[in-house]
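First comes the structure, then the notes that go with it.
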Amino acid sequence: MTDESTAKSTAPDRYGVMGYPVSHSRSPIVHHLFAMQTGQNIQYELLQVSPEKLETAVRQFQRTGGKGLNITVPHKSEVAKLVDHLSERAATAGAVNTLAFRGGEIHGDNTDGIGLLRDIVVNLGVSLEGANILVLGAGGATRGIIGPLLEMQPKSLIIANRTLGKAEALAEHFSHSGTVSACRFNAVPVDEVYNLIINATSAGLTGEAPPYPAAAISKSTICYDLSYGLKPTPFSIWAREAGAARSVMGWGMLVEQAAESFNLWRGIRPDTAAVLKQLSVTV
Ligand code: ATR
């Protein structure tokens with residue numbers, strides 16, 4: 001074997017996460033831990049790509065031998081247009097967070113919903129059957145989680161958003177379930193207790209705390225921020241101060257959705273509990 005072919009056979013398979021901004025993402029650390037745990041030879045990069053460069057960047061990554069990408073804010077809806085094969089759950093979500101490059105084709109999937117559910121139901125031990133759920137935000141992140149949340153058979157699911165039309169469009173998209181409705185932040189109904197409030201806005205990325213509906217929180221409400229940080233996010237601080245039973249950041253979802261992506265790419269599901277422990281996150 002020549003030196004060159006030896007180098008080729010041991011070169012790590014390339015993966016990465018594309019977003020804008022993306023510097024906050026901890027996906028590289030999580031996938032690095034998965035790779036060490038499972039003995040997979042991969043490299044995983046942070047790729048900051050602006051919306052107008054998305055298509056070029058994805059195709060270039062594919063052309064240069066990249067094996068897979070995670071897709072994050074704000075590209076999850078747009079990237080769905082670039083894929084050759086869309087999974088059913090990604091089609092339902094209208095959003096893609098995982099690309100796999102195989103045989104010259106792009107496969108698009110969405111592991112956000114299953115990742116969130118595994119964290120809430122398995123890691124946190126919360127049952128969503130018959131629950132009242134409030135989701136804040138109506139962008140790509142919300143699209144990815146509504147279908148899986150509805151599969152848990154909640155009693156109601158309300159989508160509240162700054163721009164009412166976007167929340168209404170999403171509620172309409174899932175209207176077959178009969179449990180989804182839409183409103184603005186200042187019109188969230190508070191006649192019933194919410195078991196779960198999920199922050200799916202991207203406001204926290206810029207440190208903003210939008211006018212969340214504090215009256216929606218009761219002593220038994222679990223508040224879950226899809227965002228995560230080393231310091232508490234504005235939403236998680238707000239939720240704690242408003243008296244929520246628990247205020248949780250999305251570290252568990254990050255690890256669980258990443259494990260699903262890793263499984264799609266490598267055919268092996270890492271032990272997520274061990275990685276959560278390594279990240280020093282209490283679940
Ligand atoms: P993502 O993929 O994270 O969902 P997105 O599709 O850009 O990203 O959606 C961002 C969401 O965060 C939207 O619901 C957006 O509200 P609008 O639909 O009104 O734009 C919400 N969002 C972002 N910044 C916000 C802010 N400062 N206050 C309230 N909502 C905000």
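Classify region 113-252 as rounded, prolate or oblate from the Cα gyration tensor: take a ≥ b ≥ c as the square roots of its eigenvalues, call it rounded if a/c is under 1.5, otherwise prolate when a/b beats b/c and oblate if not.
Rounded, since a/c falls under 1.5.
Roughly how many Å² is the accessible area per residue of the chain, as a whole number, for a 1.4 Å probe?
Accessible area per residue: 46 Å².
Summing Lys, Arg as +1 and Asp, Glu as -1, what charge do residues with Cβ under 11 Å from the Cβ of L128 carry, L128 excluded?
-1
Can you list the residues, at least 5 places off or on another chain, whose amide H is less than 5 Å from the amide H of V135, using H built in the peptide plane?
Long-range HN contacts for V135: I158, I159, A160, I198.
So what's Rg/Rh here for the chain, counting alpha carbon atoms and using the Kirkwood radius for Rh? If you can, show how the numbers build up before the last one.
Working: Rg = 19.1 Å, Rh = 19.4 Å.
Answer for the chain: 0.98.
Under a Cβ-only charge scheme (Lys and Arg +1, Asp and Glu -1), can you give me the dipole magnitude of region 152-198 about the Cα centre, in debye to the nearest 20? If you can, show how the numbers build up before the last one.
On the way: 4 positive and 4 negative charges, 31 e Å.
So the magnitude is around 160 debye.
Which value, in debye to the nearest 20, describes the size of the charge dipole of region 174-283 about its Cα centre when Lys and Arg Cβ atoms bear +1, Asp and Glu Cβ atoms bear -1, and nothing else is charged?
220 debye
State, as an integer percentage, the relative contact order of the chain based on alpha-carbon contacts under 8 Å between residues 6 or more apart.
Once normalised by length, the contact order is 15 percent.
Can you tally the lysine pairs in the chain where the Cα-Cα distance is under 27 Å and the two residues are eight or more apart, or on different chains?
14
Quick check: Cα centre of region 80-139 to Cα centre of region 155-219, how many Å?
Distance between centres, Cα-based: 18 Å.
Take every DSSP beta bridge whose two residues both sit in the chain, then give the antiparallel share in percent to the nearest 5.
Restricted to the chain, the bridges split so that about 20 percent are antiparallel.
What is the set of long-range amide H partners of L86 at a cut-off below 5 Å, with H atoms built 1.01 Å from backbone N?
Sorted by chain and number, the residues that satisfy this are G108.
Pull up the DSSP beta bridges for region 3-110 and report the antiparallel fraction as a percent, rounded to 5. Intermediate values should be presented prior to the final figure.
On the way: 8 of 21 bridges.
The answer is about 40 percent antiparallel.
With each run of n ≥ 4 DSSP H residues scored as -39500 (n - 2.57), what mean residue ellipticity at 222 nm is computed for the chain after dividing by its residue count and rounding to the nearest 500 deg cm²/dmol?
-9500 deg cm²/dmol
I'd like to compare 222-234, 161-173: which one has the highest average count of other Cβ atoms within 10 Å, and what's the full order after that?
On the way: 222-234: 20.2, 161-173: 17.0.
The most tightly packed comes first, giving 222-234, 161-173.
In debye, nearest 20, what is the charge dipole magnitude of the chain about its Cα centre with +1 on Lys and Arg Cβ and -1 on Asp and Glu Cβ, if you could check?
320 debye
Kindly identify region 3-110 as rounded, prolate or oblate by the Cα gyration tensor criterion: order the square roots of the eigenvalues as a ≥ b ≥ c, call it rounded if a/c is under 1.5, otherwise compare a/b with b/c, prolate if a/b is larger, else oblate.
Since a/c reaches 1.5 and a/b is larger than b/c, the shape of region 3-110 is classed as prolate.
The values are calculated or read from the model by the stated rules, or taken from the named source; none is laboratory data. Everything numeric in this text was worked out from a predicted model, so none of it was measured. In this analysis, Cβ positions are derived from the backbone assuming ideal geometry, glycine residues included, and neighbour counts consider all displayed protein chains. Protein only, heavy atoms only, side chains kept; ligands, DNA and RNA dropped before computing areas. Shrake-Rupley method; radii C 1.70, N 1.55, O 1.52, S 1.80 Å.
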